[in-house]
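Working notes, structure below.
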């Protein structure tokens with residue numbers, strides 16, 4: 001367990017603590033290299049790329065946009081609902097959201 | 001007497017080296033990679049930078065602010081609930097709990113779901129359970145969640161599978177028969193991986209991770225690239241990650257090609273363009289650790305190979321940085337000082353897009 | 001892929017030296033082509049080279065180079081086996097010129113396998129193949145093999161070396177169990193023990209009293225030759 005946590009602490013973007021999930025999504029969804037993905041997400045959030053790993057900067061933004069926060073916030077979108085908001089924010093289609101919509 | 005720094009051997013043992021020894025080992029490791037891969041070595045500035053990282057005070061180090069990269073996760077939740085020699089810590093828990101722990105407790109940027117055996121072949125008989133697990137996880141997860149496993153083509157050879165073991169055939173000088181067995185196994189594996197991922201994509205997976213591609217040699221990679229190609233055609237928005245097993249594709253068959261390129265003997269910078277051509281979004285290059293050499297030698301060698309792959313690739317490269325790869329010592333609980341230094345060097349010197 | 005073409009062109013006007021003939025033999029092996037090897041052997045024999053020189057300085061030297069090229073990703077397993085097959089044919093040509101029994105002599109007998117509980121096969125098979133191609137008599141007993149199977153085979157073939165592979169941290173213990181069984185059977189002093197597998201290290205080999213640890217197949221061949229002094 002120490003190994004992945006060490007990588008996250010050393011080099012990682014902290015996932016939904018900050019904006020690592022959003023940058024990773026753009027790498028997967030559009031084959032973006034790291035700088036391009038960071039710039040794309042930063043522009044969408046109207047922040048600087050350095051803010052994408054900043055828990056303080058990202059906490060309020062995530063809560064306001066309803067794209068998922070790491071702690072328990074009542075009435076805040078979670079799971080599939082948060083991902084549907086991420087779809088809109090990043091202008092991408094997420095397979096799990098699409099499959100969920102098709103079941104309704 | 002020169003200042004000595006605490007570093008590790010490739011097996012994790014602590015040793016003390018002065019700067020000259022560190023630089024000598026770094027240069028030897030860099031030269032080995034450059035020689036084998038026929039690639040450029042690192043510049044003196046880059047070599048000096050890795051030495052500085054190795055010699056930094058403090059048990060743990062970190063990348064400069066603003067240089068952080070996404071950390072993707074393989075081996076599924078096995079590192080939590082696994083207890084069969086797969087680096088797992090044996091905590092009884094469901095896979096959904098494991099996935100959510102990675103997202104919410106550890107701060108992972110992506111995650112994957114996988115089967116306890118972590119090979120594609122045994123997933124086929126339990127596909128309904130895997131689909132159910134994926135759907136439940138996707139309802140609760142926010143970070144990208146892939147399905148991951150190893151192509152592990154060895155499972156298609158006797159006594160585990162239907163095709164005669166090419167190793168046995170080769171030893172009996174039945175070379176053509178061995179090659180034919182590899183080709184048949186590769187076709188079967190491709191078919192299985194496509195079928196499994198068709199089901200998991202219908203059950204809401206974000207995509208697939210082919211982990212340790214090439215572990216059974218060039219046939220294993222051939223099979224994976226063809227599966228990637230077919231899946232990309234069927235699912236244009238699928239997230240596809242191809243992670244390798246080693247720095248050089250083993251030539252078990254020797255004659256298999258993809259897009260006119262012989263797969264056997266390819267190094268990371270030659271693997272990357274083919275993985276992209278097949279349709280993957282993300283490439284996971286690997287460099288194995290030599291346990292008899294120092295951390296400096298291994299890190300210099302690994303950064304050299306990976307930097308060349310990053311430069312040759314037109315898709316993001318998330319370097320494999322687990323136990324015994326990427327300069328990290330081959331030890332079940334790799335020392336954190338070595339892990340964090342290797343991680344920092346890969347980001348700041350090799351320029352990887354993620355880990 | 002490098003498949004060196006052998007040059008049959010004689011240097012006009014003078015007899016080829018032994019070094020040149022040995023180089024031609026070595027290149028023939030590296031070409032992995034049986035016909036090239038047979039032609040080179042016949043030529044060297046006709047030029048008066050001793051059979052042992054042809055084998056050691058020419059053919060075996062070529063096989064060593066094949067091992068290096070395999071390690072460097074320039075030659076692949078089928079080529080290694082083709083070269084080994086060609087070498088066997090070349091040696092067979094020399095048999096009638098050699099002392100009785102000398103031609104069939106193998107430098108050592110090796111039993112190789114993966115220990116019980118571990119189904120990994122490929123790395124171990126490559127090691128077996130490389131040892132075989134280096135001229136050793138290799139008995140690959142497979143994977144997931146109980147300790148008794150190793151002991152029985154060692155006794156049956158009177159092995160000089162046993163190779164124990166393990167690819168998982170949980171199955172490494174099986175290597176220790178075989179070594180302990182060798183002691184109980186009174187065989188430990190008669191046989192060299194070699195370890196391999198991804199999680200195995202020199203420190204583990206030292207701890208459980210093995211004679212040799214090899215990182216890869218090429219090192220296994222080199223190491224076995226060193227400990228047996230062959």
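Just so it is clear, none of the values below were taken in a lab; they were calculated from the coordinates. Model, not experiment: these values are computed from the prediction. All Cβ positions, glycine included, derive from the backbone under ideal geometry; neighbour counts span all protein chains shown.
Looking at the stretch B:279-290, can you tell me whether even one residue there is crowded, with 24+ Cβ neighbours inside 10 Å, within 14 Å of the chain's Cα centre (by Cα), at the interface with chain A (Cβ under 8 Å from one of its Cβ atoms) and not in a loop (DSSP other than H, G, I, E, B)?
yes
Limited to the stretch B:247-275, what total is found for residues that are touching a strand residue (DSSP E or B) at 6+ places or on another chain (Cβ under 9 Å), within 13 Å of chain C (Cβ to nearest Cβ) and surrounded by fewer than 19 Cβ atoms within 10 Å (Cβ to Cβ)?
1
Give the stretch B:331-346 a look and list any residue that's crowded, with 23+ Cβ neighbours inside 10 Å and touching a strand residue (DSSP E or B) at 6+ places or on another chain (Cβ under 9 Å), or say none.
B:331, B:334, B:338, B:341
Say whether the condition of being within 20 Å of the chain's Cα centre (by Cα) and without any contact (Cβ under 8 Å) to a residue 24 or more places away in the chain is met by at least one residue in the stretch B:92-99.
No, that holds for no residue.
Just checking, does the stretch B:125-140 include any residue being more than 10 Å from every other protein chain (Cβ to nearest Cβ), buried (at least 24 other Cβ atoms within 10 Å of the Cβ) and within 29 Å of residue B:227 (Cα to Cα)?
No - not one qualifying residue is present in the stretch B:125-140.
If residue C:181 satisfies all but one of (1) over 20 Å from residue C:61 (Cα atoms); (2) touching a helix residue (DSSP H, G or I) at 6+ places or on another chain (Cβ under 8 Å); (3) surrounded by 18 or more Cβ atoms within 10 Å (Cβ to Cβ), what's the number of the condition it fails?
Looking at each condition in turn, residue C:181 falls short on (3).
Considering only residues of the stretch B:141-152 that are more than 10 Å from every other protein chain (Cβ to nearest Cβ) and in a strand (DSSP E or B), which is farthest from the chain's Cα centre (by Cα)?
The qualifying residue farthest from the chain's Cα centre (by Cα) is B:147.
Of everything in the stretch B:153-169 that's part of a loop (DSSP other than H, G, I, E, B) and out of contact with any strand residue (DSSP E or B) (no Cβ under 6 Å at 6 or more places or on another chain), which residue is farthest from the other protein chains (Cβ to nearest Cβ)?
The extreme case among them is B:162.
In this structure, does residue B:82 turn out to be within 14 Å of chain C (Cβ to nearest Cβ) and free of Cβ contacts under 8 Å to residues at least 60 places away in the same chain?
Against the criterion (within 14 Å of chain C (Cβ to nearest Cβ) and free of Cβ contacts under 8 Å to residues at least 60 places away in the same chain), residue B:82 qualifies.
What tally of residues in the stretch B:312-355 results from selecting those that are assigned to a helix (DSSP H, G or I) and within 18 Å of residue B:26 (Cα to Cα)?
14
Which members of the stretch B:174-221 meet the condition of being within 14 Å of chain A (Cβ to nearest Cβ) and not in a strand (DSSP E or B)?
Residues satisfying the conditions are B:197, B:198, B:199, B:200, B:201, B:202, B:203, B:204, B:205, B:206.
Look at the stretch B:61-74 and say how many of its residues are more than 7 Å from chain A (Cβ to nearest Cβ), more than 13 Å from residue A:12 (Cβ to Cβ) and surrounded by fewer than 22 Cβ atoms within 10 Å (Cβ to Cβ).
Number of matching residues: 1.
Taking the stretch A:79-99, which residues are more than 15 Å from residue A:24 (Cβ to Cβ) and in a loop (DSSP other than H, G, I, E, B)?
A:91, A:93
I'd like to check which helices (runs of 4 or more DSSP H) are fully inside the stretch C:67-169 and have at least 3 residues that are away from every other protein chain (no Cβ under 14 Å) and surrounded by fewer than 21 Cβ atoms within 10 Å (Cβ to Cβ).
Helices (runs of 4 or more DSSP H) meeting the threshold: C:147-157.
How about the stretch A:1-57: which helices (runs of 4 or more DSSP H) wholly inside it have at least 3 residues that are more than 9 Å from chain B (Cβ to nearest Cβ)?
A:34-45
Hey, among A:3, A:26, which residue is farther than 15 Å from residue B:73 by Cα and either more than 10 Å from the chain's Cα centre (by Cα) or in contact (Cβ under 8 Å) with a residue 60 or more places away in the chain (or both)?
A:26
Do we have residue A:56 as at negative phi, buried (at least 24 other Cβ atoms within 10 Å of the Cβ) and out of contact with any helix residue (DSSP H, G or I) (no Cβ under 9 Å at 6 or more places or on another chain) here?
Taking the combined requirement at face value, the residue does not satisfy it.
With more than 15 Å from the chain's Cα centre (by Cα) and under 30 Å from residue B:302 (Cα atoms) as the only criterion, which of B:231, B:155 stands out?
Result: B:155 is the single residue among B:231, B:155 that is more than 15 Å from the chain's Cα centre (by Cα) and under 30 Å from residue B:302 (Cα atoms).
Give the stretch A:59-104 a look and list any residue that's more than 12 Å from the chain's Cα centre (by Cα), surrounded by 18 or more Cβ atoms within 10 Å (Cβ to Cβ) and over 16 Å from residue B:144 (Cβ atoms), or say none.
A:77
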